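This is the structure, below, for whatever I ask next.
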Amino acid sequence: MAWRQIFFNTRAILMSQQPHPTPGFSRFFSKSSLYVEKVGIPEFLKGIGKGVESHVAKLESEIGDFQKLLVTRTWRLKDLKIPCQQRKLILRYAYKYRLGLWRPRAEPKTITKHLLYMSARLSQ
């Protein structure tokens with residue numbers, strides 16, 4: 001019992017001295033977001049890639065809402081004639097998105113500017 005009180009008291013003292021549990025960790029939150037802010041069905045499927053984005057029109061017309069896509073079952077996707085590998089990808093990434101483990105990344109602006117510059121340079 002005494003050890004437990006010592007442990008919790010010293011832990012409370014240590015936590016009150018540091019504003020953040022991990023020193024230097026707060027600086028990572030000041031960077032701009034590399035993820036898409038508002039995610040819809042097209043952004044979600046484009047983030048998955050691997051040919052899944054070809055089903056955007058079909059999923060938007062049949063399912064309609066992104067939140068409904070996140071809870072869609074295998075049979076519903078199978079009825080929409082989506083191939084097995086792509087169904088697996090959609091379901092796997094929907095599960096990761098619901099848990100907060102994955103989000104579609106935004107297009108980096110510096111790379112697209114660089115590509116435009118290089119394509120203009122090559123066309124001359």
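Within the range 73-94, does at least one residue satisfy the condition of being in a helix (DSSP H, G or I), among the aromatic types (Phe, Trp, Tyr) and at pLDDT below 90?
Checked the range 73-94: no residue is in a helix (DSSP H, G or I), among the aromatic types (Phe, Trp, Tyr) and at pLDDT below 90.
What number of residues within the range 47-91 are crowded, with 17+ Cβ neighbours inside 10 Å and either on the phi > 0 side of the Ramachandran plot or among the small types (Gly, Ala, Ser) (or both)?
1
What single numbered condition from (1) among the polar types (S, T, N, Q); (2) at pLDDT 90 or above; (3) assigned to a loop (DSSP other than H, G, I, E, B); (4) farther than 12 Å from Ile90 by Cα fails to hold for Ser32?
Against the list (1) among the polar types (S, T, N, Q); (2) at pLDDT 90 or above; (3) assigned to a loop (DSSP other than H, G, I, E, B); (4) farther than 12 Å from Ile90 by Cα, Ser32 comes up short only on (2).
The values are calculated or read from the model by the stated rules, or taken from the named source; none is laboratory data. Since this is a predicted model, take the numbers as computed values, not measurements. Cβ coordinates were reconstructed from backbone atoms using ideal geometry, including for glycine residues, and neighbour counts include every protein chain displayed.
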